[in-house]
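What follows draws every value from the coordinates through simple rules; no lab data is involved. From a predicted model like this one, the values you see are computed outputs, not experimental measurements. Note that each Cβ is placed from the backbone with ideal geometry, even for glycine, and that neighbours are counted across all protein chains shown.
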Amino acid sequence: MSINTKSYIESYIKIRDKKGNIIPLTLNEPQLKYYNVIKKMHKEGKPIRIIILKARQMGFSTETEAIIFKNVVTHHNYNAGIVAHKEDSTTNLFNISKRMLDYLPDSIKPEQKKSNAKELVFNNSTGTGLDSKIKCMTAGGKGIGRSDTFTALHLSELAFWEGNKKEIMTGLLQSVPNTPESMVIIESTANGYEYFKEMWDRAVEGKNDFYPLFIGWNELAEYSMPYTGFKLTQEEKELQKQYALTLEQLTWRRWCIENNCSGDINQFKQEYPICPEEAFLSTGECYFNKLNIINRINEAPEPIITGTFSCYYDGIRIRGQKFIDKPEGNIKIYKYPENRVPYVIGGDTAGEGSDYFTAHVINNITGEQVAVLKQQYDEIDYVKQIYCLGMFYNQALIGLENNFSTYPTQKLMELNYPNQYVRKKEDLYNNKFEKSYGFKTTVITRPYILAQLQEIVHDNIDIINDKDTLREMLTFIVNDKGRAEAEEGYHDDLVMALAITYYIRTQQDMKKTDRNSIHKDLQEELDRVFGINENHIEEDYGDDIVPF
């Protein structure tokens, strides 16, 4: 895409507006934001890969068609594919391109080689031949794109495609070479938790090549109406404060909910989101207070440091503890340990239906979440990380779920970890209770710990800092059988670990202890563990390193 694309579009491209008039395409605020992302990627010489989560009728489809049309009619061998979610949408997108051609000035209009209901193939007026084309397809078509090679793809309303979206997308993406001049644009409104949501999440996490672009309804100036003097609800007051909304914008919001969404606030949030979390509404009823979660996600802090503990097992103890700063690390720290403050760590081990080992650290005086651990598969390393985390946070009380594996709890016992959660376990033979380490999730304890966490989210959500945990709460629903659980295809490892953490805290002090931290000098320990003082060497390493 050349740098003068915007000038070309606004000078030569004509569109039909919402009133049916043919007008020049002048980019609005959201369209300009989108264009600038493309421009920046082009300047950097990157293949353009963007996934857009949008509110309805922002103009992204039209703008994408204009950019593609300009490239097709001004470049040799530039083949573009456009995929819509249903047949009439495919026809509509084709008609947009056809209209752009019809109203193009004769002096720059390319010669059409052929045209049918779904394809425009261009020559040029000099006879040298552009050999470029625009091909429109419907997502439900069998094997679409598999026999083509495209320079650009526009994939519209992916969330609403029929059929196996992953399989269709795999074929389409393979049809586009990974070259600087190539472009793939995915744009869609949300449709609950499905493949588009998965692609969006992976883009946000940096796990695919797509740049995630979200633009809320409040960024489009035309979504505004004269204020009628109504009294604001509490939700409207919070939105006004958080997003600097005008009374005119809130007036339009009320009008749109009533007239475009039949009074359904959840439908409005899905089709006209103000933040990404609001767009992806669960298909079931969210177990937690969704508005509180969304607001907290927008305000929650970033971790101070992310990394992992480096240590080894000498056959008796864990030694050589040092925290390594790694952006991809499995531990996020939001607040460092404070002297004499008691901490609690609750953990959920990977088991049936779960891939992750998780744990949370809370300050047991305030209840604030101060660190989070999440890792896959490795039970042995999980014990090491939990041990180091517990020792670092003033010998925190540790309680790990024992339903699927007792190994982490047993190993902590072998390591003489000094502060584990103790539960009552009934001895059926003697009809007495005996003490046992670790937490058991049962039909009795599960509803209780979740209800306790639900209350925290409702009344005191500011003590929860981790955005991944909060996002997991958004997919924790009450299913059609009345059971609270993760929505199909999603996880609840962080949710359950946090629920366990708050439940077991009664076995830990809730005020500053008389004894000092196990670290004589907390700042020295921070320097040592976090590697700030590279000259500090732990004296008691031992001679032999024994595999753990």
Over the alpha-carbon set of the chain, divide Rg by the Kirkwood Rh and report the Rg/Rh ratio to two decimals.
1.06
Neighbour cut-off at most 11 other Cβ (10 Å), DSSP loop, trypsin sites (Lys or Arg not before Pro), segment 224-301
Lys231
From the C-alpha gyration tensor of segment 290-355, square roots of 5λ in Å:
28, 18, 14
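Grab the DSSP H runs of the chain that are 4 residues or longer, score each as -39,500 (n - 2.57), total them, divide by all residues and round the 222 nm result to the nearest 500 deg cm²/dmol.
Value at 222 nm, helices only: -10000 deg cm²/dmol.
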Shape descriptor, segment 225-274: equivalent ellipsoid semi-axes (Cα gyration tensor, sqrt 5λ, whole Å, largest first) stand at 17, 13, 9
Stretched fully, the stretch from Asn178 through Gln395 gains (0.36 nm per residue minus C-alpha distance, one decimal, in nm) 73.0 nm
Could you tell me which residue out of Leu173, Met183, Gly163 lies farthest along the dipole of segment 156-231 toward its positive end? Charges go on the beta carbon: Lys and Arg +1, Asp and Glu -1, centred on the Cα centre.
Gly163
List the aspartates and glutamates whose Cα sits under 13 Å from the Cα of Lys113, skipping any in the same chain fewer than 8 residues away.
Asp131
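Below 8 Å between Cα atoms, with a sequence gap of 6+, how large is the relative contact order for the chain in percent?
On the way: 999 pairs, mean separation 69.3, N = 548.
The value is 13 percent.
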With +1 at each Lys and Arg Cβ and -1 at each Asp and Glu Cβ, the charge dipole magnitude of the chain around its Cα centre, to the nearest 20 debye, comes out at 1440 debye
Taking segment 359-414 on its own, what percent of its Cα-Cα pair distances exceed 14 Å?
56 percent
Gained length - Ile463 relative to Arg317, 0.36 nm times residue gap less alpha-carbon distance
49.2 nm
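What per residue convex hull volume, in Å³, comes out for segment 305-529 when only alpha-carbon positions are used?
That works out to 141 Å³ per residue.
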Dipole check, the chain, charges on Cβ (K,R +1; D,E -1), about Cα centroid: among Ile316, Ala279, Asn416 the Cα furthest to the positive pole belongs to Ala279
Partner lysines whose C-alpha sits under 19 Å from that of Lys43, ignoring same-chain residues fewer than 8 away, are Lys6, Lys33, Lys70
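For each pair in Lys19/Lys241; Lys332/Lys424; Lys39/Lys269; Lys133/Lys166; Lys326/Lys384; Lys207/Lys384, compute the distance between the two Cα atoms and list the pairs where it is over 24 Å. Write out the running numbers ahead of the final one.
Values: Lys19/Lys241 34 Å; Lys332/Lys424 32 Å; Lys39/Lys269 30 Å; Lys133/Lys166 26 Å; Lys326/Lys384 17 Å; Lys207/Lys384 27 Å.
Violating the 24 Å Cα-Cα cut-off are Lys19/Lys241; Lys332/Lys424; Lys39/Lys269; Lys133/Lys166; Lys207/Lys384.
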